[in-house]
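Take a look at the structure below.
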Amino acid sequence: MTQGALLYEGKAKKVYTTERPEVLLLEYKDSLTAFNAEKKAQLEGKGTLTNLISARLFRHLRDQGVPSHFLEKVDDQRQLVRQVTIVPLEVVVRNITTGSLCKRLGIPEGKVLERPLIELYLKDDALGDPIVTEDHALIFGWATETDLAMIKSIALRVNALLRELFDRLGIVLVDFKLEFGRTTDGALILADEISPDTCRFWDKSTGDRLDKDRFRKDLGDVLGAYREIWKRLEQGA
């Protein structure tokens, strides 16, 4: 597959065209951002780790019947994906309270929820990705009722599959963010990435953070945490 023109560059990835209009080349960058890119860093090797982890997790979900834009890993930092039109909603699934949820609602961190909590955020960096309701999504045309039902169904399925996978690896899946895209034939599928950039992982035994919170909270050894996730996936998935 030949790398074509740069189509889009975001905070963590670059997207290139290929000779096939329906296939894009996605390159993971070594950049790391937090707090709507107010905090930034470059970590050599981070792009490789997020690419490897995301590819492995998308393959795992595909094996379980969950469709996504992921096609195949090209090399350590690049993968081929289907071209989709991104739904302008970020879907957050929470199993344990932490992060912005605790700040917004004054809830103590670490409460295990009776059932997964799904939140919607408008995908708009300029507005700080504000939290929105299903009514917002419907009234402003970001998604239909059918879309929302499908999004929630897939999100809960992904949550169940990933919780089971990571539990076997000694890791607690605390929460994670998903994005969805629509294919040219109208199908709604997973897009973006699934990695320590978009998930919160806690070690089941020690409670250590194994995700981007190490960067957000200045805990140090960010790459070490990402390497640990990849090592356990390699050994046990």
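For this structure, a couple of remarks:
- Filter result for the condition that a residue is farther than 25 Å from E27 by Cβ, modelled with pLDDT of 95 or more, among the basic types (K, R) and crowded, with 16+ Cβ neighbours inside 10 Å, over R209, R200: R209
- Residue-level analysis places A41 among those that are closer than 18 Å to A225 by Cα and part of a strand (DSSP E or B).
- In this entry, F176 is excluded by the filter for residues that are aromatic (F, W, Y), modelled with pLDDT of 95 or more and either farther than 15 Å from E90 by Cα or in contact with a Gly (Cβ under 6 Å, 6 or more places away or on another chain) (or both).
- Selection within the stretch 175-206 - assigned to a loop (DSSP other than H, G, I, E, B) and under 26 Å from E44 (Cα atoms): D192, E193, I194, S195, P196, D197, T198
- Test: residue in the stretch 82-98 that is surrounded by 21 or more Cβ atoms within 10 Å (Cβ to Cβ) and in a loop (DSSP other than H, G, I, E, B): yes
- Scanning the stretch 180-212 for residues that are in contact (Cβ under 8 Å) with a residue 24 or more places away in the chain, in contact with a strand residue (DSSP E or B) (Cβ under 9 Å, 6 or more places away or on another chain) and more than 26 Å from V81 (Cβ to Cβ) gives W202, D203, K204.
- In the set G110, G141, only one residue is in a loop (DSSP other than H, G, I, E, B), out of contact with any helix residue (DSSP H, G or I) (no Cβ under 8 Å at 6 or more places or on another chain) and surrounded by 10 or more Cβ atoms within 10 Å (Cβ to Cβ); that residue is G110.
- Residue selected from the stretch 113-130 under the condition surrounded by fewer than 15 Cβ atoms within 10 Å (Cβ to Cβ) and free of Cβ contacts under 8 Å to residues at least 40 places away in the same chain, by the criterion nearest to G181 (Cα to Cα): D124
- Candidates L61, L7, L25, L57: the one that is crowded, with 19+ Cβ neighbours inside 10 Å, farther than 23 Å from K212 by Cβ and not basic (K, R) is L25.
- Matching residues, the stretch 161-197, being among the charged types (D, E, K, R) and more than 15 Å from the chain's Cα centre (by Cα): E164, D167, R168, R182, D185
The values are calculated or read from the model by the stated rules, or taken from the named source; none is laboratory data. This structure is a prediction, so every number in the text was calculated from the model and none was measured. Using ideal geometry, Cβ is built from the backbone for each residue, glycine included, and neighbour counts are taken over all protein chains shown.
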